[in-house]
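All remarks here apply to the structure that follows.
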Amino acid sequence: MTEQLTEKRSVVVEREFAAPVERLWRALTQPHLIEEWLMKNDFKPTVGHRFNLRGEWGGVLDCEVLTIEPQKTLAYTWNFSHEDAAFDLKSIVTFTLTPMGAGTHLRVEQAGFSPTQKQAFGGAHAGWKQFFNKLDELLARAG
């Protein structure tokens, strides 16, 4: 029984973008571009750098860069503390980029949801799809 309580779930969202891997990488690692599709931030592409993502809803995510493989992989913590501890979230977001012809396949995995965090899990699934829509718009504008 205890194993089921400690089992963690992941949200995975994948999409192909009609942009070369270099452009997509810039959108994932440059603060002014991250702000356009994700959230306001003080991101730096340096392992160990601690930064915040500030949502339009007023929430703040505490993050730390864990992995950087230029134009391949980016991972950072995605931690949210709530006044109600049941809503606290400690997760890791990993972006994996794979060149595909003239475009790029992007996979995001957010790992660390407990089975009791159904609302956060569902919200993350919907949220990443919306973020990817905004990212697609940004890449289309950046031409």
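Would you mention how many residues in segment 36-66 are closer than 20 Å to Lys134 by Cα and either out of contact with any Lys or Arg (no Cβ under 9 Å at 6 or more places or on another chain) or assigned to a loop (DSSP other than H, G, I, E, B) (or both)? Number of matching residues: 9. Considering segment 49-108, and only residues there that are within 15 Å of the chain's Cα centre (by Cα) and among the acidic types (Asp, Glu), the residue that is nearest to Gln119 (Cα to Cα) turns out to be Asp62. Could you figure out which of (1) in contact with a strand residue (DSSP E or B) (Cβ under 6 Å, 6 or more places away or on another chain); (2) exposed (fewer than 13 other Cβ atoms within 10 Å of the Cβ); (3) not polar (S, T, N, Q) isn't true of Ala111? Single failed check for Ala111: (2).
I'm trying to understand the selection: among the residues of segment 15-35, which are of a type outside the set (D, E, K, R), touching a strand residue (DSSP E or B) at 6+ places or on another chain (Cβ under 8 Å) and either surrounded by 15 or more Cβ atoms within 10 Å (Cβ to Cβ) or more than 18 Å from Gln130 (Cα to Cα) (or both)?
Phe17, Ala19, Pro20, Val21, Leu24, Trp25, Leu28, Thr29, Pro31, Ile34
Among the candidates Glu83, Glu109, Glu69, Glu56, the residue that is at pLDDT below 90 and over 19 Å from Glu35 (Cα atoms) is uniquely Glu83.
Can Gly122 be described as at pLDDT below 95 and within 29 Å of Val21 (Cβ to Cβ)? Taking the combined requirement at face value, the residue does not satisfy it.
Of the residues His82, His105, the single one that is in contact with an Asp or Glu (Cβ under 6 Å, 6 or more places away or on another chain) and loosely packed, with under 13 Cβ neighbours inside 10 Å is His82. Condition check: in contact (Cβ under 8 Å) with a residue 40 or more places away in the chain, closer than 23 Å to Ala19 by Cβ and either among the charged types (D, E, K, R) or touching a Leu at 6+ places or on another chain (Cβ under 6 Å) (or both). Does Arg141 satisfy that? No: the conditions fail for Arg141.
The values are calculated or read from the model by the stated rules, or taken from the named source; none is laboratory data. Model, not experiment: these values are computed from the prediction. Every residue, glycine as well, gets a Cβ built from its backbone with ideal geometry; the counts of neighbours run over all protein chains shown.
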